[in-house]
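Written out below as structure tokens is the structure these notes cover.
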Amino acid sequence: MYQMTEAEQRFAEFIWEREPVGSGELVRLCREVFGWKKSTTYTFLKKLCDQGIFQNQEAVVTSRIHREAYFQGQGEQFVEKAFGGSLPRMIAAFMERKRLSAEQVEEIEQMIEAYKGEKE
């Protein structure tokens with residue numbers, strides 16, 4: 001999955017918050033918010049469309065990958081790359097440096113129990 005730059009991610013978040021949005025309206029908003037020229041907006045949009053994240057059909061921009069799905073994919077890639085795909089190794093590394101609160105432990109336990117229930 002494509003790894004967006006920081007600027008692309010800000011732009012993507014901007015679109016996700018407003019979609020569907022007309023491409024002309026997007027240009028106007030990006031000029032106001034980011035100070036971008038029309039060409040800059042269309043360059044960013046084309047790149048993210050080419051990556052399959054957004055589409056611009058009949059001058060209306062919508063997502064092909066919703067925000068949550070994009071970040072799920074990024075998280076999966078991170079765990080795969082940094083921890084060999086092992087979620088327990090990632091959690092152990094996290095816990096070595098930072099203590100989990102009781103609420104966080106409870107939340108994780110509830111997620112595990114719910115997962116077990118789905119598998120039975």
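The values are calculated or read from the model by the stated rules, or taken from the named source; none is laboratory data. The structure displayed is predicted, hence computed values, not measured ones. Neighbour counts run over all protein chains shown; Cβ positions are idealised from the backbone, glycine included.
What to note about this one:
- Identification of helices (runs of 4 or more DSSP H) wholly contained in the stretch 1-69 with 3 or more residues that are closer than 30 Å to Val79 by Cβ yields 6-18, 38-50.
- Yes/no for Glu103 being outside the structural domain of Leu48 (by TED's automatic domain parsing), surrounded by 13 or more Cβ atoms within 10 Å (Cβ to Cβ) and among the acidic types (Asp, Glu): no
- Some residue of the stretch 85-103 being closer than 19 Å to Tyr2 by Cα and either part of a helix (DSSP H, G or I) or of a type outside the set (Asp, Glu) (or both): yes
- Candidates Gly52, Gly73 - the one that is modelled with pLDDT under 95, surrounded by 11 or more Cβ atoms within 10 Å (Cβ to Cβ), under 21 Å from the mean Cα position of the chain (by Cα) and not β-branched (Val, Ile, Thr): Gly73
- Of everything listed in (1) more than 22 Å from the chain's Cα centre (by Cα); (2) modelled with pLDDT of 95 or more; (3) among the hydrophobic types (A, V, I, L, M, F, W, C), the single unmet condition for Ile65 is (1).
- Any hit, the stretch 24-41, residues being within 21 Å of the chain's Cα centre (by Cα), at pLDDT 90 or above and not hydrophobic (A, V, I, L, M, F, W, C): yes
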